[in-house]
Amino acid sequence: MKTTRHPDVLVSFIIAACLYCLPGLSIAEESAIQAQLNLVQMECIQPTEHGKDEIYFDILTIDKDKKHKSVRVPETHPLSVPAAKGTTIKNATLLKHPLAAGESVTLIISLLETDHSNYNPDDFIGVAEVTVRNNNGQIETEWAVPKTNYEPHTTMAQSDNKTEFTMTGDGGDYKLIFDVVAASPSE
């Protein structure tokens, strides 16, 4: 028995396939986003050193292929931000990471204090973790405190759609609020 396909069905299939493959019209491309990690607020309750700290973030990205990349923020001079008791920093973009539809990335966000010495390693104040997923153009996040075998002590509290971390390693005491938003890929 010979099977024939109706010409309208075949034409419809070809048109749909072409539209899916054209740049700018692809469903997958329309769902691509940039995940933007923001420091909503950071408050220095107690610096690790007498006077002020020179703080920075080390952000480790782990993608779907388990590839790692580390970024220091700030990454240009000055390589740290001064923080004394009572200092509050608000609304800073820490990282942007592109995500295709269905992709995810894990960000390990470490707060450190630089000691500007080869003999004295930087102070590790605390660490937070977020897994970010692109669910068809919508950001989904899962926040956590990574398990560590060393001193930095971090706690996490969630309320009113915000996640607050308290980081108290190396004698410091910092409260931080982060968020992740979707930015268009061109930003």
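Key figures
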quantity	calculated
2 or more residues in contact with a His (Cβ under 9 Å, 6 or more places away or on another chain) and either modelled with pLDDT of 95 or more or of a type outside the set (A, V, I, L, M, F, W, C) (or both): qualifying strands (runs of 3 or more DSSP E) within region 57-129	104-113
Flag for Phe124 being in contact (Cβ under 8 Å) with a residue 24 or more places away in the chain and more than 18 Å from the chain's Cα centre (by Cα)	yes
Filtered residue count, region 121-176, keeping only those that are over 22 Å from Ile62 (Cβ atoms) and in contact with a Lys or Arg (Cβ under 8 Å, 6 or more places away or on another chain)	2
Output for region 82-118, where each listed residue is at positive phi and among the polar types (S, T, N, Q)	Asn91
Matching option when the condition is surrounded by fewer than 18 Cβ atoms within 10 Å (Cβ to Cβ), of a type in the set (Gly, Ala, Ser) and closer than 20 Å to Thr141 by Cβ, among Ala84, Ala100	Ala100
Selection within region 28-53 - surrounded by 11 or more Cβ atoms within 10 Å (Cβ to Cβ) and either at pLDDT below 90 or not in a strand (DSSP E or B) (or both)	Ala28, Glu29, Glu30, Ser31, Ala32, Pro47, Thr48, Glu49, Lys52
Residue in region 138-155 that is in contact (Cβ under 8 Å) with a residue 60 or more places away in the chain and either out of contact with any helix residue (DSSP H, G or I) (no Cβ under 8 Å at 6 or more places or on another chain) or under 21 Å from Gln46 (Cα atoms) (or both) present	yes
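The values are calculated or read from the model by the stated rules, or taken from the named source; none is laboratory data. Not measured: the values here are computed from a predicted model. Glycine gets a Cβ as well: all are built from the backbone with ideal geometry, and neighbour counts include every protein chain shown.
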